[in-house]
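Notes to accompany the following structure.
The values are calculated or read from the model by the stated rules, or taken from the named source; none is laboratory data. Everything quoted here is computed from the prediction, not taken from an experiment. Reconstructed Cβ throughout: ideal geometry from the backbone, glycine too, with neighbour counts over all protein chains shown.
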């Protein structure tokens with residue numbers, strides 16, 4: 001068994017292997033590829049981190065925009081044990097639906113990709129095309145333009161480790177579904193002989209005072225690597241919700257543990273893909289409380305409750 005943790009613990013193989021991220025070096029300017037366009041291992045690592053951050057943030061943002069004015073609609077509410085149970089299920093599905101595109105990508109092997117090249121837009125050094133595949137095999141792509149600027153570099157040669165610390169600033173725009181979102185962030189890299197650590201913050205301005213912050217940490221030591229991601233959504237009043245994923249693969253079977261913290265409460269869900277549908281267990285791996293998610297002929301989600309009842313939810317498509 002191998003565990004790959006996304007958002008609160010992702011092993012590097014998750015981002016570099018499962019998601020199939022690729023980064024193509026270009027001929028940008030800046031010290032040591034400060035704009036993220038160099039061919040060095042450090043530049044490629046930065047492109048991979050930004051690529052997955054952008055792809056996953058875009059998946060969540062696409063779902064949230066598509067569902068902004070929609071809520072779960074019961075097509076068989078009478079089958080629920082009572083009206084309260086139906087209301088609880090509808091509220092829970094509303095929360096889950098904003099993350100389902102990301103879940104689809106995580107369950108689809110090699111779903112995420114990123115390719116960087118010299119920018120064709122004035123004012124930005126790098127053009128990155130990020131993509132992911134959904135469960136139907138369709139590829140969704142969007143474009144990120146950015147500059148990464150080295151703002152500070154410090155050396156410590158007091159010992160034999162030759163420690164170096166570099167701090168970069170990120171600024172740019174993300175084009176998604178006909179809309180443009182400003183992004184900003186920073187990257188801190190510390191390296192010494194045989195070891196390296198990096199931290200990135202990737203913030204997307206969602207409009208109307210809302211923003212999404214993707215935080216990434218990576219550590220490499222003597223051939224072993226670990227990465228961490230966390231997604232936080234803010235509005236004018238502060239933190240709205242935070243999500244956490246844990247990915248586990250055993251004998252070709254994939255399970256995702258998803259933790260969602262909202263309104264001071266944390267809920268846990270487990271996702272598996274089985275027989276052309278996604279099974280969601282609530283609270284515990286062995287829980288009898290569960291949903292089954294399929295995609296109907298219109299391309300939208302159908303959530304079926306194990307105890308009875310079903311709910312239709314909008315799903316992002318290329319026309320949104």
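Residue 292 versus (1) modelled with pLDDT of 85 or more; (2) surrounded by fewer than 17 Cβ atoms within 10 Å (Cβ to Cβ); (3) farther than 23 Å from residue 136 by Cα: which is the lone unmet condition?
Unmet condition: (3).
Would you point out the residue of segment 217-234, among those that are farther than 19 Å from residue 52 by Cβ, more than 19 Å from the chain's Cα centre (by Cα) and in a strand (DSSP E or B), that is modelled with the lowest pLDDT? Lay out the reasoning, then the answer.
First, the residues of segment 217-234 that are farther than 19 Å from residue 52 by Cβ: 221-224, 234.
Checking the rest, the ones that are also more than 19 Å from the chain's Cα centre (by Cα) come to 221-224.
Still in the list and also in a strand (DSSP E or B): 221, 224.
Working: 221: 64, 224: 55.
Selected residue: 224.
If the Cβ limit is 6 Å and pairs must be 6+ apart or interchain, which residue in segment 55-71 that is in a helix (DSSP H, G or I) pairs with which residue that is modelled with pLDDT under 55 and crowded, with 18+ Cβ neighbours inside 10 Å?
Short answer, once both residue conditions are applied: none.
Here is a list: 151, 173. Which entry is modelled with pLDDT of 85 or more, over 26 Å from residue 209 (Cβ atoms), in a strand (DSSP E or B) and touching a strand residue (DSSP E or B) at 6+ places or on another chain (Cβ under 6 Å)? Give the steps one after another, and end with the answer.
Numbers: 173 fails: over 26 Å from residue 209 (Cβ atoms).
Only one candidate qualifies: 151.
For residue 257, all conditions in the list (1) surrounded by 17 or more Cβ atoms within 10 Å (Cβ to Cβ); (2) within 19 Å of residue 90 (Cβ to Cβ); (3) modelled with pLDDT under 90; (4) touching a strand residue (DSSP E or B) at 6+ places or on another chain (Cβ under 7 Å) hold save one; what is the number of the exception?
Every condition holds for residue 257 apart from (2).
Which of (1) surrounded by fewer than 15 Cβ atoms within 10 Å (Cβ to Cβ); (2) in contact with a strand residue (DSSP E or B) (Cβ under 6 Å, 6 or more places away or on another chain); (3) under 21 Å from residue 128 (Cα atoms) is the odd one out, the single condition residue 179 does not satisfy?
For residue 179, the exception is condition (2).
Could you look through segment 133-146, keep only residues that are closer than 17 Å to residue 181 by Cβ and in contact (Cβ under 8 Å) with a residue 60 or more places away in the chain, and pick out the one that is surrounded by the fewest Cβ atoms within 10 Å (Cβ to Cβ)? I'd like the intermediate steps shown before the answer.
Narrowing segment 133-146 to residues closer than 17 Å to residue 181 by Cβ: 140-146.
Those left that are additionally in contact (Cβ under 8 Å) with a residue 60 or more places away in the chain: 140, 142, 144, 146.
On the way: 140: 22, 142: 20, 144: 27, 146: 24.
Ranking the qualifying residues of segment 133-146, first place goes to 142.
Being surrounded by 14 or more Cβ atoms within 10 Å (Cβ to Cβ), part of a strand (DSSP E or B) and free of Cβ contacts under 8 Å to residues at least 24 places away in the same chain: is that true of residue 268 here? Walk me through it before giving the result.
Values: surrounded by 14 or more Cβ atoms within 10 Å (Cβ to Cβ): yes; part of a strand (DSSP E or B): yes; free of Cβ contacts under 8 Å to residues at least 24 places away in the same chain: yes.
Taking the combined requirement at face value, the residue satisfies it.
Which residues, counting only those in segment 201-216, are assigned to a loop (DSSP other than H, G, I, E, B) and either touching a strand residue (DSSP E or B) at 6+ places or on another chain (Cβ under 6 Å) or modelled with pLDDT of 95 or more (or both)?
Initially, segment 201-216 is screened for residues assigned to a loop (DSSP other than H, G, I, E, B), giving 208-209.
Correct list: 209 only.
Mind telling me which of the residues 71, 63 ends up being modelled with pLDDT under 80, surrounded by 22 or more Cβ atoms within 10 Å (Cβ to Cβ) and under 26 Å from the mean Cα position of the chain (by Cα)? If you could, list the steps in order and put the result at the bottom.
Values: 71 fails: surrounded by 22 or more Cβ atoms within 10 Å (Cβ to Cβ).
From the options 71, 63, the qualifying one is 63.
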